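To keep things clear, I will list the structure first and then write my remarks on it.
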Amino acid sequence: MNPLSRRSFLATSAVALAVGGLTETRNEVRGAEESGQIVNIPGFDQTRTDYDPLQKWEPYTDRKVRVGIAGHGACKFGVQFYFQTHPNVEVVAVTDLFPDRCAEMAKIAKCEKTYPSLEEMVKDDSIEAIFCATDAPAHADHAILCLEHGKHVATAVPAFMGNEEDGFRLFECVQKHPELTYAMFETSCFHADLYAMEKLYTAGVFGRLIYTEGEYHHPHILGHAPIASYKGWRTFRPPLWYPTHASAYYIGVTHKSLTEVSCQGFVPFDEVYRNPDKNGNPFSMEVGMFRTSEGGIARIVYSQSQGEYIEGGRVRGEFGGYNGRFIGDPTATKRYEQALDNGLKLLKYALPPGVEPGGHEGSHGYLGHDFIDSILRKRKPCVDIYDALNMTMPGFYAHRSALKDGETLKIPQFLRN
């Protein structure tokens with residue numbers, strides 16, 4: 001029996017049962033209008049997650065970070081991260097370009113002050129931090145706008161979309177403002193499996209990673225309208241311009257980078273659906289084979305093919321790997337035992353009262369809390385500018401490779417000093 005089964009099966013089972021029951025009960029009580037919960041979009045369901053309810057959240061301070069929230073589109077994403085119920089947050093203001101959406105967000109966020117645009121809201125000196133749940137092509141511009149107005153900022157994924165220069169401009173802006181926190185809310189990083197993978201990798205249990213897979217399969221039924229999005233950004237984009245749910249299974253585990261890529265794209269069988277979109281993209285799926293900075297290989301895929309909705313991945317290293325559970329050779333097993341004996345925790349930590357794990361496999365509450373905690377403690381957030389760009393930029397080059405029938409391309413690197 002592998003060490004995970006032998007040493008923590010009973011504890012993990014008890015945790016899963018307790019958490020599952022607790023989460024389901026809370027969600028039955030919490031109405032959709034109050035929580036802003038979205039139940040009809042894949043990934044937004046309130047999913048079970050493994051965390052340790054035996055750990056008690058201990059407040060670091062009673063200070064409240066004054067937060068503004070931007071964006072309340074089809075996903076109502078701005079209110080999905082529990083800022084409005086976090087004990088260390090005061091939601092000062094919200095904004096959306098559409099007045100009805102802005103009013104709904106204000107009601108859910110329990111906030112009286114609204115602005116007609118982010119450009120107006122950033123002028124509010126009472127706001128310390130802003131979460132931008134805006135359209136993906138605007139993420140870099142919006143993050144830069146917030147930073148230049150002295151605000152800590154977090155954005156939804158990806159860090160930029162469509163123009164690699166946006167990524168370089170964002171990097172330069174973050175470097176210019178070291179006193180401010182930048183974070184990208186990549187949900188995969190708080191999946192229970194990736195969270196454990198990162199802890200085990202950091203402890204040296206796997207050794208260097210030889211092979212990684214990251215998959216994002218988002219089925220779309222032909223003939224049905226896609227998820228609504230501002231100016232149709234969800235519809236008109238190459239698949240791997242939205243790579244981070246998949247690329248996180250290497251970058252979020254190792255905090256390293258992908259150095260080069262050869263990518264193939266799939267053109268729909270049906271000629272009716274073969275016309276390139278306004279970005280010149282003909283593909284509905286892209287599969288990239290990447291070289292990692294360790295010298296290993298990573299396969300990253302975004303697909304709209306039919307089947308199960310998946311945001312997931314697996315890793316295989318020199319001594320051990322992880323695919324839903326840890327498996328290793330004697331070297332990895334010994335390292336695993338030693339890491340646990342030294343206090344390594346593989347289950348996610350407890351959240352503050354009022355903050356639920358939330359959707360995308362129990363990641364929303366963790367991302368919101370991580371951003372606030374990183375501001376209060378002046379520490380690196382879970383996904384900082386380096387990880388954000390190292391997750392995003394490879395997808396831009398993967399698409400360029402696919403347009404060149406798999407030509408191998410070098411990827412710009414964002415490396416910590």
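The values are calculated or read from the model by the stated rules, or taken from the named source; none is laboratory data. What you see is a predicted model; the values in this text were computed from it and never measured. Reconstructed Cβ throughout: ideal geometry from the backbone, glycine too, with neighbour counts over all protein chains shown. Protein only, heavy atoms only, side chains kept; ligands, DNA and RNA dropped before computing areas. Shrake-Rupley method; radii C 1.70, N 1.55, O 1.52, S 1.80 Å.
Roughly how many percent of the accessible protein surface of the range 301-417 is carbon and sulfur, given a 1.4 Å probe and a whole-percent answer?
Ligands and nucleic acids excluded, carbon and sulfur reach 49 percent.
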Residues of the chain: accessible area per residue with a 1.4 Å probe, Å²: 44
Computed FRET efficiency, Cβ-Cβ of F269 and A225, R0 22 Å: what is it to the nearest 0.05? 0.55
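Pop out the carbon and sulfur fraction of the accessible area of the range 87-201 as a percent, whole number, probe 1.4 Å.
Numbers: 2100 of 4170 Å².
Of all accessible area on the range 87-201, carbon and sulfur atoms account for 50 percent.
Quick one: length gained pulling K107 to D405 fully straight, 0.36 nm per residue minus the C-alpha distance? Provide the component values of the computation, followed by the final result.
Values: separation 298, 0.36 × 298 = 107.28 nm, distance 4.96 nm.
Separation in residues times 0.36 nm, less the Cα-Cα distance, equals 102.3 nm.
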Relative packing of 81-92, 368-379, which averages over residues the other C-beta atoms within 10 Å, highest first: 81-92, 368-379
Could you give the dipole magnitude of the range 221-334 about its Cα centre, charging the beta-carbon of Lys and Arg +1 and that of Asp and Glu -1, in debye to the nearest 20? 240
Considering amide H positions built from the backbone, and no H for Pro or chain starts, which residues 5 or more places from A350, or on another chain, come under 5 Å of its amide H? D52
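How about the range 96-137: which GluC sites (Glu not before Pro) there lie in a loop by DSSP and see at most 12 other Cβ atoms within 10 Å?
Values: sites: E104, E112, E119, E120, E128; in loops: E112, E128.
For GluC sites (Glu not before Pro) across the range 96-137 that sit outside H, G, I, E and B with at most 12 neighbouring Cβ atoms in 10 Å, the list reads E112.
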Once you place label points 7 Å from the Cα toward the Cβ at K380 and D62, how far apart are they in nm? 3.3
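With a cut-off of at most 10 other beta carbons within 10 Å, and DSSP calling the residue loop, which GluC sites (Glu not before Pro) in the range 276-360 qualify? Please list them.
Filter output for the range 276-360: E308.
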For 148-155, 355-362, 60-67, ranked highest to lowest by mean beta-carbon neighbours within 10 Å, the order is 355-362, 148-155, 60-67
If R₀ is 51 angstrom, what is the calculated FRET efficiency for the pair N417 and R325, using the beta carbon separation as r and rounding to 0.05? 0.90
What list of ³J(HN,Hα) couplings, whole Hz, do you get for the range 152-169 from phi and the Karplus terms 6.51, -1.76, 1.60, once you set θ to phi - 60° and write x for glycine and proline? 4, 9, 10, 10, 5, 8, x, 5, 8, 8, x, 9, 5, 4, 4, x, 5, 5
